[in-house]
Amino acid sequence: MSQSDRELASTFIPADIEAPLYEKWMKAGYFTADAKSEKPPYTIVIPPPNVTGVLHIGHALDHTLQDVLIRMKRMKGFEALWLPGMDHAGIATQNVVEKQLAAEGKSRHDLGRDEFVKKVWQWKAESGGAILGQMKRLGDSVDWSREAFTMDENLSKAVLTIFKKLYEADLIYRAERIINWCPRCLTALSDIEVEHQDIDGEFVQITYGDPGETQISIATTRPETMLGDGAVAVNPDDPRYKDLVGKQVKLPYVNRMIPIIADELVDPEFGTGAVKVTAAHDPNDFEMAMRHNVPMVVIMNEHGVMSGTNTQFDGMDRFEARKAVVEQLRKDGRIGWEKRPYSHSVGHCQRCATIVEPRLSLQWFVKVAPLAKAAGDAVRDGRVKIEPKEMEPRYFEWVDNMHDWCISRQLWWGHRIPVWY
């Protein structure tokens, strides 16, 4: 070797050093875990990044922390496995391929389910390699011999197996409940797929009932949903409405008589102290309706278009209907005070930013109460420790207040629920 060969380069070029070094590590099998090893095991399953995207700075930090732990355990004599993989990202991936079809003037319905799924697999084969390449560039010491994808045959079988076990254990059930519905993606969403943002809307007072008959004023930020009201609710301790509880009031435009009920969920300080109960389009209203046997009337189709109200508002988009309903109420002298703008928190679809519609729908759910209790008890009795300990109250706030989890999606790409009708 000449003197010049031994000299350090004047500048460090990572691509010249890192890629060959990583290739050397892989060929030597440094990251491959031996299932038959007698060493104590240490395993991290990588939180699989979505196949639709690329790794960002958050992934880089997360992967660095995992890599540090895995390498440390290897050096300490553990049989360390860092399992790599990607998530099929049902909603996001279907959206990507649907947009490609839309550019060609087609929809998934033009292809049919089987052909559409084939097209998604083709897209995955073409685009899924970017993330894996990034992981190699980061130097992730993962066991590539065990690389997994959440739609792989063995993982799909595992999903069906666990579904069946949970169903037989009475932890999965099918029922009509209020779910988060995206009118653009046309699917139910879980709570974590909904991002809440403060937006400026309007808060209006509306009078129900005709002069000379029972009348009551409610306050709402969603006047268009009044067409699906099943009741008006007041707080049982509110002296203003004691004489009205149990009476019926006429709902404008649909001319349906609805009861005035008393429920402790109503805040007397909110608005007029009387609220509309639209059980099929609001989770709190749904709970009140269940307690008081209030009718649940769905007034929008899956696209967020008014439907089945038998009024002039049918066929309007929900936001178009909101303006039209308020305008008609104003003409009829039923609007009291109006607050504009009125800032309030509204859920948006994480994938497409469309405002989510709470909607009564027949879906599949996980019964979380026994699972959440087990997770909470594991920390309470010391089997699991949270670091730092000051974060325990935040954990309990989350785990002790969970409600049943909607797991079904109205998609063509993803794991199919193993039930046929």
Self-check item: Relative contact order (percent, whole number), the range 12-149, Cα cutoff 8 Å, 6+ residue spacing
Solution: 38 percent
Quiz prompt | Reciprocal mean inverse distance between Cα atoms of the range 12-142 - Kirkwood radius, Å | solution = 17.1 Å
Quiz prompt | Residue order, fewest to most surrounding Cβ atoms within 10 angstrom, among Asp152, Asp243, Asp140 | solution = Asp243, Asp152, Asp140
Quiz item: Can you work out ³J(HN,Hα) from phi for every residue in the range 155-167, in order, using Karplus 6.51 cos²θ - 1.76 cosθ + 1.60 and θ = phi - 60°, giving whole Hz and x for Gly and Pro?
Solution: 6, 4, 5, 5, 4, 5, 5, 5, 4, 4, 5, 5, 5
Quiz prompt | Stretch gain in nm, segment Leu101-Phe270, where the contour uses 0.36 nm per residue and the Cα spacing is subtracted | solution = 56.1 nm
Exercise. Using the structure shown, select from Lys118/Lys164; Lys36/Lys73; Lys250/Lys331; Lys99/Lys323; Lys250/Lys276 the pairs with a Cα to Cα distance greater than 20 angstrom.
Key: Lys118/Lys164; Lys99/Lys323
Practice problem: Please give the FRET efficiency for Trp398 paired with Thr161, using the beta carbon to beta carbon distance and R0 = 25 Å, rounded to the nearest 0.05. | Solution: 0.35
Quiz item: Sorting Val297, Val51 on the 10 Å Cβ count, fewest up front, what's the list?
Solution: Val297, Val51
Exercise. Under a cut-off of 15 Å between alpha-carbon atoms, report the aspartates and glutamates in cross-link reach of Lys136, not counting same-chain residues fewer than 8 places apart.
Key: Asp16, Glu18, Glu23, Asp62, Asp67, Glu147
Quiz prompt | Difference of contour (0.36 nm per residue) and Cα-Cα distance, Ser343 to Ala148 | solution = 65.7 nm
Exercise. Return the calculated 222 nm mean residue ellipticity for the chain, to the nearest 500 deg cm²/dmol, obtained by summing -39500 (n - 2.57) across DSSP H runs with n ≥ 4 and dividing by the residue count.
Key: -10500 deg cm²/dmol
Quiz item: Based on the Cβ-Cβ distance of Val54 and Leu83, what FRET efficiency does E = 1/(1 + (r/R0)^6) give at R0 = 30 Å, to the nearest 0.05?
Solution: 0.90
Exercise. Quick one: P(r) of the chain from all Cα-Cα pairs, 20 Å bins, percents rounded to integers, in order of increasing distance.
Key: 19, 44, 27, 9, 1, 0
Quiz item: Build a GNM of the chain with springs between Cα atoms under 10 Å: which of Ala369, Ala15, Ala280 gets the top mean-square fluctuation?
Solution: Ala15
Quiz item: How much length is gained on full extension from Cys352 to His303, taking 0.36 nm per residue of separation minus their Cα-Cα distance?
Solution: 16.2 nm
Quiz item: Thinking of the range 198-349 as a set of Cα atoms, what percent of all their pairs are more than 18 Å apart?
Solution: 57 percent
Quiz item: Under a point-charge model restricted to the Cβ atoms of Lys and Arg (+1) and Asp and Glu (-1), what is the dipole moment magnitude of the chain relative to its Cα centre, in debye to the nearest 20?
Solution: 800 debye
Quiz item: When Ile218, Ile206, Ile162, Ile13 are ordered from fewest to most other Cβ atoms inside 10 Å of their Cβ, what list results?
Solution: Ile13, Ile162, Ile206, Ile218
Exercise. Please tell me the relative contact order of the chain in percent, rounded to the nearest whole number, where contacts are Cα pairs under 8 Å and at least six residues apart.
Key: 18 percent
Quiz item: List the aspartates and glutamates whose alpha-carbon lies under 15 Å from that of Lys385, not counting same-chain residues fewer than 8 positions away?
Solution: Asp377
Quiz prompt | Rounded FRET efficiency, nearest 0.05, which uses the C-beta distance separating Trp25 from Ile192 and R0 of 35 Å | solution = 0.45
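Values quoted throughout were computed directly from the atomic coordinates according to the rules given, and no laboratory measurement underlies them. Worth saying up front: this structure is predicted, and the values here are computed from it rather than measured. All Cβ positions, even for glycine, are placed from backbone atoms using ideal geometry, and neighbour counts span all protein chains on display.
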